[in-house]
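Peer 1: Submitted below is the structure of interest, expressed as structure tokens.
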Amino acid sequence: MSLPWVRLDTNLAGHDKILELTAEKDGYRAAFSYVCSIGYAGGNGTDGLITFATLPFIHGNKRTAELCVKHFLWAPDPLGWLIVNFEKRQQSAAVTRQISNARRVAANKGNCVRWHGPNCKCWEATG
């Protein structure tokens, strides 16, 4: 389950990790890949995992990945990289699924009451 948005700290541009990263050769490209990785992970429900195959889709390459790891923005993972602190700053895929399911059940209940009356309860079979 994906998120329609992700959180970005308003101080991102002035964060010490980003400032140190952008001082390096290819640092701006790596910083852009980092921001794109947050959007990709949120939009695809990966809980912060960026796989090796994903790297080109977030405008990254081996060098940008190395820089993100060097500056503690990503952590190495057997499948690729994990965005550091993603789980602390973004809603997890499991929570997103729970919210979506709760909204679906509420919509089914509202439609049942609207079209069948308050005593039907056919929505319980679809919940």
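The values are calculated or read from the model by the stated rules, or taken from the named source; none is laboratory data. Because the structure is predicted, anything quoted here is derived from the model rather than measured. Neighbour counts run over all protein chains shown; Cβ positions are idealised from the backbone, glycine included. Ligands, DNA and RNA are stripped out before the accessible areas are found, and what is left, the full protein with its side chains, is counted by its heavy atoms. Shrake-Rupley method; radii C 1.70, N 1.55, O 1.52, S 1.80 Å.
Peer 1: Distance in nm between label sites at residue 28 and residue 10, each 7 Å beyond Cα in the beta-carbon direction?
Peer 2: Placing both labels 7 Å along Cα→Cβ, they lie 2.6 nm apart.
Peer 1: May I ask for the net charge around residue 31, where only other residues with Cβ less than 12 Å from the Cβ of residue 31 are counted and Lys, Arg are +1 while Asp, Glu are -1? Display every interim value, and only then the final one.
Peer 2: Working: positive: 17, 29; negative: 20, 24, 26.
Once positives and negatives cancel, what remains is -1.
Peer 1: Select one label from (1) 1.14; (2) 1.21; (3) 0.95: the one whose number is Rg/Rh (Cα atoms, Kirkwood Rh) as derived from the coordinates shown.
Peer 2: This structure yields the entry labelled (2).
Peer 1: Moving on. Could you rank 71, 15, 59 by how accessible they are, 1.4 Å probe, largest area first?
Peer 2: Of 71, 15, 59, the descending order of accessible area is 59, 15, 71.
Peer 1: Nearest 500 deg cm²/dmol is fine: what mean residue ellipticity at 222 nm does the chain get from its DSSP H runs of n ≥ 4 alone, each adding -39,500 (n - 2.57), divided by its residue count?
Peer 2: Value at 222 nm, helices only: -15500 deg cm²/dmol.
Peer 1: Something else: Taking each full run of DSSP H in the chain as one helix, which ones are at least 27 Å long along their axis (Cα atoms) and have mean Kyte-Doolittle hydropathy of at least 1.0?
Peer 2: Both cut-offs are met by no helix.
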